[in-house]
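Have a look at the structure below before the remarks.
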Amino acid sequence: MKKKIVSIILATLLTVHVLSGCSGQNNLQKSSKSSAGTPISMLVQGDIPDSSFSQEDYQKLLALQFDGYEDMTVSDYQNRVAKLTDTAEYRDLLERVSKSETLYELKDIDETAAFLFYVLEPLTGEKWKSRDYSGYATSGFPYLEDNAILEYVFTLTILNADTLTIREYNTTRLSVISGMQDIVSDKTKEELQNINSMLATIQTDTDYLIKQLKTEKIDVSIDYAYFPLSAPDDNDENGYFEDTREQRRYSNGTEEDYRSLLSLKTQNYQNMSLADFNNTLLAWANENHERMERIAEDTGWNDFQVALSDEELSFVKLTVFLSGMENGKAVQSIYTGTQPSNPYYAEELPQKITTKNGTAWCSLYYRFFYSISDSETITVGERDRQIVGMINAVHAFWNDTDIESILKMEESDIVAELQRIASVYSTDNITITINAEQVHFERMDERNILTN
């Protein structure tokens, strides 16, 4: 039986329904574009997130972000880093960075971690000439398990370090990622279901992408695997393949709606206490029920008709819906006369499949709860960093562990790993918990059946 993605978007919607005295709508889903493997965009810069590093360590690492370094050639940058780090103390620091799981898992949400793992480490390490990166792209249908998935590994090979700039290198890396997403984003449901046609299209599109990006300075190669969109079930009562616009209860948010919401995104909002920010959001939601409904549905369907920057999208899709959920729990407790229940996040990750010598697959659904010790003490920024760090770390575990290793695991092994990750992202102010009842791990290896 398929499990729906239980998104924290639903809790945001529930907040509004509770405030307005209406019942929550249970069948709204979060778009797969915010799904596992697609890091939540929340680049922030503050204290280094790994507590094993001191503030002095942090300053030494930032010192390697020279003014204008992006316009330096790879060779010039390497030489300057080599001179500055030519001490046992600096070499030890960089070695500790390379082994930090916390920093690695935050590389897509923290500016410092992104610099360390997308610039410093790949361009100054031993294998700097050729570097592999992996990822995947998905189509944009409401249920994650029904999306087409294009997994890929691409290799960037530096051909001329004396002329290639760091900006050019990073632009190439990001262009491959966006280009692979574009391959599936503009396809119809029928196209995504036709594996032979899609494989031909992907080959053509990747060949063209490589041709556009490779130069005399840098070479690009791409390997991929495609998992097609599943065909609709005759008994599909959930309407997975219906046009999402036909299922909306409210129209899209307007420019005025978003200007109003983004007025809460003050210059210092990340340093506000969570209590103050949540109260401000609650007052804003109470001012205009339908305005919040429109934005909530935009978020739930990932269907924004207003142009928003990455920072603004992060604010709407992360900060606002986390605080909206917390407010919903608080309001519910007032109506029921009970203690507020803990907010949670849950999702089903993309199924891992191999068809080599037969078929084998595994799937994972998980849910974690979090509790705030004192909303007057914890800041909005800390709450956001820890929750998105947890989510992305689970994604990294699932995406980076090969399917053969996953197939050898028991559900208890998966639970133990998720509990380890939860402990990493828990702090004195926020505790993340997950137990066996909140994890559903399934696997099937038909290769063994065929062999026996």
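In the range 265-276, the residues that are within 14 Å of Ile372 (Cβ to Cβ) reach residues that are in a loop (DSSP other than H, G, I, E, B) and of a type in the set (Gly, Ala, Ser) with C-beta atoms within less than 9 angstrom, at least six apart or across chains, in these pairs: Ser273/Ser375; Leu274/Ser375; Ala275/Ser375; Asp276/Ser375.
Looking across the range 90-117, the residues that are outside any helix (DSSP H, G or I) and surrounded by 18 or more Cβ atoms within 10 Å (Cβ to Cβ) come down to Ser100, Leu106, Lys107, Asp108, Ile109, Asp110. Just one of the listed residues (Leu209, Leu261, Leu229) is of a type in the set (A, V, I, L, M), more than 30 Å from Leu159 (Cβ to Cβ), under 25 Å from the mean Cα position of the chain (by Cα) and modelled with pLDDT of 85 or more, namely Leu261.
Here is the figure for the range 142-198: residues that are in contact with a Lys or Arg (Cβ under 6 Å, 6 or more places away or on another chain) and of a type in the set (Val, Ile, Thr) total 2.
Considering only residues of the range 362-379 that are more than 30 Å from Glu446 (Cα to Cα) and of a type in the set (S, T, N, Q), which is surrounded by the most Cβ atoms within 10 Å (Cβ to Cβ)?
Just the residues of the range 362-379 that are more than 30 Å from Glu446 (Cα to Cα), to begin with: 368-379.
Subsequent filtering for residues that are of a type in the set (S, T, N, Q) retains 371, 373, 375, 377, 379.
Details: Ser371: 14, Ser373: 12, Ser375: 18, Thr377: 13, Thr379: 20.
Taking the candidates together, the pick is Thr379.
Restrict the check to the range 378-387 and report whether at least one residue is assigned to a loop (DSSP other than H, G, I, E, B), of a type outside the set (Asp, Glu) and either over 25 Å from Ala137 (Cβ atoms) or without any contact (Cβ under 8 Å) to a residue 24 or more places away in the chain (or both). Yes, some residue in the range 378-387 is assigned to a loop (DSSP other than H, G, I, E, B), of a type outside the set (Asp, Glu) and either over 25 Å from Ala137 (Cβ atoms) or without any contact (Cβ under 8 Å) to a residue 24 or more places away in the chain (or both). Put simply, of Ser31, Ser35 the only residue that is modelled with pLDDT under 55, surrounded by 13 or more Cβ atoms within 10 Å (Cβ to Cβ) and out of contact with any strand residue (DSSP E or B) (no Cβ under 9 Å at 6 or more places or on another chain) is Ser31.
Selection of the range 57-77 for residues being without any contact (Cβ under 8 Å) to a residue 12 or more places away in the chain and either at positive phi or not acidic (Asp, Glu) (or both) yields Gln59, Gly68.
The values are calculated or read from the model by the stated rules, or taken from the named source; none is laboratory data. Please read all numbers here as calculations on a predicted model, not as lab measurements. When we count neighbours, we look across all protein chains shown, and the Cβ atoms used for this are built from the backbone with ideal geometry, even at glycine.
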